[in-house]
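Visitor: Provided herewith is a single structure, encoded as structure tokens, for subsequent inquiry.
Quick note: the coordinates plus some simple rules give every number you see, no bench work behind them. Values in this document were obtained by computation on a predicted structure and should not be read as measured data. Don't worry about glycine lacking a Cβ; one is built from the backbone with ideal geometry, like all the others, and counts go over all protein chains shown.
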Amino acid sequence: QVRFVESGGGLVQPGGSLRLTCSAPGNIFSQFVMAWYRQRPGESRDWVALVTSRNKTTYKDAETSRFIISRDNAENTMTLQMTNVKPEDTAVYYCNAIPPRDRYWGQGTQVTVSS
């Protein structure tokens, strides 16, 4: 099976930082516009940041300006640098293409922002 794998989440205090990483076997990242998605408890999954194969970035809203999305096509990896995190950032974070490829969804990585 070929699926994205997310890592780097965990418990962090408000104002702290985390770096999430997305990876996949094979050279597939370069084919897609990639995005980080998040799913808060009881809510639907939606994208928060995207990056094209040429490293053009777009953020969903003002809240995601605290994040930096980047990719390395040669390594088939993507990161989300999260800084000054807030409790509302608590969610499961996933990576996928836009539009998402259903069979490539990974397990996600849990980010919990709490004191």
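Visitor: Please identify the longest segment of the chain free of exposed trypsin sites (Lys or Arg not before Pro), where exposed means a DSSP state other than H, G, I, E or B and no more than 15 other Cβ atoms within 10 Å.
Guide: Answer from the scan: 4-53.
Visitor: Let me ask something else. Positive end of the charge dipole of the chain (Lys, Arg +1 and Asp, Glu -1 on Cβ, about the Cα centre): tell me which of I68, S23, N55 has its Cα farthest that way.
Guide: N55
Visitor: With the crude spin-label approximation of a point 7 Å out along Cα→Cβ, what separation in nm comes out for S17 versus S115?
Guide: Label-label distance for S17 and S115, simple model: 2.3 nm.
Visitor: For segment 8-115, which GluC sites (Glu not before Pro) are both in a DSSP coil and crowded by at most 13 other Cβ atoms within 10 Å? Spell out each step's value before the answer.
Guide: Values: sites: E43, E63, E75, E88; in loops: E43, E75.
Those that pass, being in a loop and sparsely packed, are E43, E75.
Visitor: Still on this structure, I have one more. How many nm separate the modelled label positions at A97 and N84, each set 7 Å beyond the Cα in the direction of the Cβ?
Guide: It is 3.5 nm.
Visitor: Please report, in debye to the nearest 20, how large the charge dipole of the chain is about its Cα centre when each Lys and Arg carries +1 at its beta carbon and each Asp and Glu carries -1 there. Let's see the in-between values first.
Guide: On the way: 13 positive and 10 negative charges, 40 e Å.
So the magnitude is around 200 debye.
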